[in-house]
1. Residue pairs, Cβ under 6 Å, 6 or more apart or interchain, first in region 46-65 and basic (Lys, Arg), second surrounded by 15 or more Cβ atoms within 10 Å (Cβ to Cβ) and in a helix (DSSP H, G or I). List them.
2. Restricting the first residue to region 175-196 and requiring it to be over 23 Å from Arg135 (Cβ atoms), which pairs with a second residue that is among the aromatic types (Phe, Trp, Tyr) and not in a strand (DSSP E or B) meet a Cβ separation below 6 Å and a spacing of at least six or different chains?
3. Of all residues in region 208-238 being of a type in the set (D, E, K, R) and out of contact with any strand residue (DSSP E or B) (no Cβ under 7 Å at 6 or more places or on another chain), which is nearest to Val185 (Cα to Cα)?
4. List pairs: first in region 130-149 and hydroxyl-bearing (Ser, Thr, Tyr), second part of a loop (DSSP other than H, G, I, E, B) and crowded, with 24+ Cβ neighbours inside 10 Å, Cβ under 7 Å, 6+ apart or cross-chain?
5. Is it the case, given these coordinates, that Pro190 is under 20 Å from Ile91 (Cα atoms), within 15 Å of the chain's Cα centre (by Cα) and not β-branched (Val, Ile, Thr)?
6. In region 51-61, what residues are in a helix (DSSP H, G or I) and more than 19 Å from the chain's Cα centre (by Cα)?
7. If a residue must be in contact with a Lys or Arg (Cβ under 8 Å, 6 or more places away or on another chain) and part of a helix (DSSP H, G or I), how many such residues does region 31-50 contain?
8. With region 62-177 as the region, which helices (runs of 4 or more DSSP H) entirely inside it contain at least 2 residues that are among the aliphatic types (A, V, I, L, M) and crowded, with 22+ Cβ neighbours inside 10 Å?
Amino acid sequence: MGHFGVDLSGRVALVTGASRGIGRAIAQALADAGADVAVNCHQHVERAQAVAAAIRSGGRRAIVIAADVSQRQAVLAMVERVARELAPPDILVNNAGIATVREIDALDEADFDHSISVNLKSAFLCIQATLPAMRARGWGRIVNISSAAARGAGVVGVHYNAAKAGLEGLTRGYAARLASAGITVNAVAPGPIDTDMAEPLRRTEAFRHIPVGRLGTPDEVAQVVLMVIANAFLTGQTVAINGGVLLA
């Protein structure tokens, strides 16, 4: 029995963007709960290796796969490798994302396309690639890491708002179509979390308006992801974790 009474023994999890921050915390929490973990990164391979080493030191299996999850062939090759070296993943956490800050007048088409590709299309590609094995097993858990920006103003830009809102729509669409197959699909939407990505928040001092009076931690987000995975009756939902920042 691992974190928070969740037992994921015998499960294989694939966590995208897991070399640091929220992704790293999620990968570690899944391993602590008994899962073997495929740690995906794009460029930070050494950091991802450190995550995998920590997981192995706790007695679970872990592999590192560097792949650009916005590219179909890279995703297919990644999922094939997870199946070969661990087992077909039955837990997928779509955490990979980019938050390039752009004001409206500085935002161009390339920025917009890149945001949609990395923050939204990647989740679609990873879900499509992992679904057949989940369906065959009759059990699967898909968690998409959204953001408060899906429903609020946010501080990154409208390209990020659009991508994260799209991710929540994707979540509901898959959830409705997969519930009868034993597969749940949910989103977890963090507000301001203390990671590298929070740098713009620190600069604007937006975090001073958080009712609990501080930024959240990656471990607090990971705890919610585990809760979502453990609950078979929860699907199609977005669980917000934001220190009381309520959106009117």
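Since every read-out is calculated from the coordinates, none of them should be taken as a lab result. None of these values were measured; they are calculated from a predicted model. As a convention, Cβ positions derive from the backbone with ideal geometry for all residues, glycine included, and neighbour counts pool all protein chains shown.
1. Close Cβ pairs (under 6 Å, with a partner that is surrounded by 15 or more Cβ atoms within 10 Å (Cβ to Cβ) and in a helix (DSSP H, G or I)) amount to Arg60/Ala31.
2. Listed by first residue and then by second, the contacts come to Pro192/Phe207.
3. So, considering only residues that are of a type in the set (D, E, K, R) and out of contact with any strand residue (DSSP E or B) (no Cβ under 7 Å at 6 or more places or on another chain), the one nearest to Val185 (Cα to Cα) is Asp219.
4. Pairs found: Thr130/Pro89.
5. Yes, satisfied.
6. Ala53, Ala54, Arg56, Ser57 - these are the residues of region 51-61 that are in a helix (DSSP H, G or I) and more than 19 Å from the chain's Cα centre (by Cα).
7. 2
8. Where helices (runs of 4 or more DSSP H) fall fully within region 62-177 and carry at least 2 residues being among the aliphatic types (A, V, I, L, M) and crowded, with 22+ Cβ neighbours inside 10 Å, they are 72-85, 122-137.
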